[in-house]
1. Quantify how much of the Cα-Cα distance distribution of the stretch 1-99 extends past 15 Å, in percent.
2. So, by mean Cβ neighbours within 10 angstrom, what's the order for 37-45, 132-140, 21-29 with the highest one leading?
3. On each of the three principal axes of the Cα atoms of the stretch 78-145, give max minus min coordinate, whole Å, ordered largest first.
4. Once you keep just the Cα pairs under 8 angstrom separated by 6 or more residues, what percentage relative contact order results for the stretch 4-175?
5. Per-residue ellipticity at 222 nm for the chain, helices alone: DSSP H runs ≥ 4 residues times -39500 (n - 2.57), over residue total, nearest 500 deg cm²/dmol?
6. Among 65, 162, 19, which one moves the most in a GNM of the chain with springs linking Cα atoms closer than 10 Å?
7. Who wins for biggest fluctuation among 51, 123, 61 in a Gaussian network model of the chain, springs between alpha carbons below 10 Å?
8. Compute the length gained on full extension between residue 39 and residue 180: take 0.36 nm times their separation in residues and subtract their Cα-Cα distance, giving the result in nm to one decimal.
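Every read-out reported here was derived from the displayed coordinates using simple, explicitly stated rules and does not represent laboratory data. Please read these numbers as outputs of a predicted model, since none were measured by experiment. As a convention, Cβ positions derive from the backbone with ideal geometry for all residues, glycine included, and neighbour counts pool all protein chains shown.
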Ligand SMILES: CC(C)(COP(=O)(O)OP(=O)(O)OC[C@H]1O[C@@H](n2cnc3c(N)ncnc32)[C@H](O)[C@@H]1OP(=O)(O)O)[C@@H](O)C(=O)NCCC(=O)NCCS
């Protein structure tokens, strides 16, 4: 594998739109989340693309994406974002200014080959460069919960059966240098 992780450029937008749609639709299907009518799927893809556009317009100030490419094609993304209102509602106020690691997406045909791990490391590297002490991460996908629990330990806060009456929404608050070590119960 000759993976390269780089900052996005304007010409990535069209390919990124296809990548988001393909990867998020696959994630919905694997998590038995309805994709028809595709309102939430379309909205989720639109939000990701808007975030990428905000990164490009603000030169990384509003959002900060890293793109993983293999043989020239996009195979993964990660983004650093300010905590959303939803995240802030569910974590203690002392962490509200911390950055969220979001949009960790790996193209289905490239999953389970270490790309997600490399994207997480790259995001942590950027947070270290900024001298930020920690980060927030949240997910409502049951499959991602298993992945993040293996990486970060048990979530600090869980909203039981928050999605579709079946899937929990989970939140992690972690230090940059010890991401597997819980700080405080959020
Ligand atoms: C979750 C995701 C980002 C992981 O990226 P990845 O490149 O597939 O993961 P890696 O290859 O780095 O996996 C590393 C480890 O996690 C394990 N793993 C991968 N996907 C897993 C999953 N869904 N559940 C449990 N473990 C998983 C691998 O077996 C591997 O274990 P090992 O280190 O003991 O060998 C990727 O599968 C993905 O994009 N999923 C769909 C979108 C999604 O849910 N994103 C997260 C949103 S919060």
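1. Result: 67 percent of Cα pairs exceed 15 Å.
2. Per-residue Cβ counts within 10 Å, averaged per peptide and sorted highest first, yield 132-140, 21-29, 37-45.
3. On the principal axes, the stretch 78-145 reaches 39, 29, 14 Å in Cα extent.
4. Worked out over the stretch 4-175, it gives 19 percent.
5. Computed mean residue ellipticity for the chain: -12000 deg cm²/dmol.
6. Checking each option, the largest mean-square fluctuation is seen for 162.
7. Most flexible of the set in this elastic network: 61.
8. Taking 0.36 nm per residue and subtracting the Cα distance, the gain is 47.3 nm.
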